[in-house]
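All remarks here apply to the structure that follows.
The values are calculated or read from the model by the stated rules, or taken from the named source; none is laboratory data. Computed from a predicted model, the values in this text were never measured in an experiment. No Cβ is skipped: glycine too gets one built from the backbone with ideal geometry, and neighbour counts run over all protein chains shown. Keep in mind that these areas ignore ligands, DNA and RNA; they rest on the heavy atoms of the full protein, side chains included. Shrake-Rupley method; radii C 1.70, N 1.55, O 1.52, S 1.80 Å.
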Amino acid sequence: MKVKFIKASTFDVSRVNQIYKASFPGKDQGQDFGNLIYSNDISVTIAELLDDGVSGMGFIIVRTVRNESEIIMLCVSPKYRREGLATLLMIDVIDKSIKLGVTSILLEVSEDNHKAKSMYKKFGFKNVGTRKKYYTSNNKRSDAIVKKLFLNEKETQFIYSKLKKQYK
């Protein structure tokens, strides 16, 4: 799959929201996404097919402060799931983080999201905490697992270089 990544601008708020609504029917975050795109310390990256500058396949929202990045949201449109797109978005974030001198990447994932947890494990993210009953889905509350990737660790660098070769 030939994918390109673009930095979202104010013109892309509707695309980001469209991807989000396809993933989470009945939810609308348009105004929130617009506010995030305007923020100085936040980067919103959209994945799109090489020949398509209109729709989007997925996006990732990352906040970077000093030497730490936090993945706020990673979302892939249902029709592009299980094709490695989330992994490609993660590789792009790690590339950008390394260039910025970031030493760690933090994120939260629902304890019930087994596919996402598996992907983060593949990158070498380590569990560093839990936020009790953080997420609500279908009137059920679940814990958020706080994970961290230490970019300076040799094991992380080995895993990352291997994944980068495999997916690029």
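When residue 156 is tested against (1) open to solvent by 70 Å² or more (accessible area, probe 1.4 Å); (2) farther than 22 Å from residue 7 by Cβ, exactly one condition is not met: (1).
For segment 129-141, indicate whether the set of residues that are touching a helix residue (DSSP H, G or I) at 6+ places or on another chain (Cβ under 8 Å), open to solvent by 20 Å² or more (accessible area, probe 1.4 Å), modelled with pLDDT of 90 or more and over 22 Å from residue 43 (Cβ atoms) is non-empty.
Here is the first cut: in segment 129-141, the residues touching a helix residue (DSSP H, G or I) at 6+ places or on another chain (Cβ under 8 Å) are none.
For segment 129-141, residues touching a helix residue (DSSP H, G or I) at 6+ places or on another chain (Cβ under 8 Å), open to solvent by 20 Å² or more (accessible area, probe 1.4 Å), modelled with pLDDT of 90 or more and over 22 Å from residue 43 (Cβ atoms): absent.
Checking each residue of segment 71-88 against the condition of being at pLDDT 90 or above, of a type in the set (Asp, Glu) and open to solvent by 20 Å² or more (accessible area, probe 1.4 Å) gives no match. Every condition in (1) modelled with pLDDT under 85; (2) in contact with a Ser or Thr (Cβ under 6 Å, 6 or more places away or on another chain) holds for residue 12 except the one numbered (2). Residues that are among the hydroxyl-bearing types (Ser, Thr, Tyr) and not in a helix (DSSP H, G or I) were ranked within segment 68-117; the one that is farthest from the chain's Cα centre (by Cα) is 103. Entry remark, segment 142-153: residues being open to solvent by 20 Å² or more (accessible area, probe 1.4 Å) and either of a type in the set (Lys, Arg) or not in a strand (DSSP E or B) (or both) number 3 in total.
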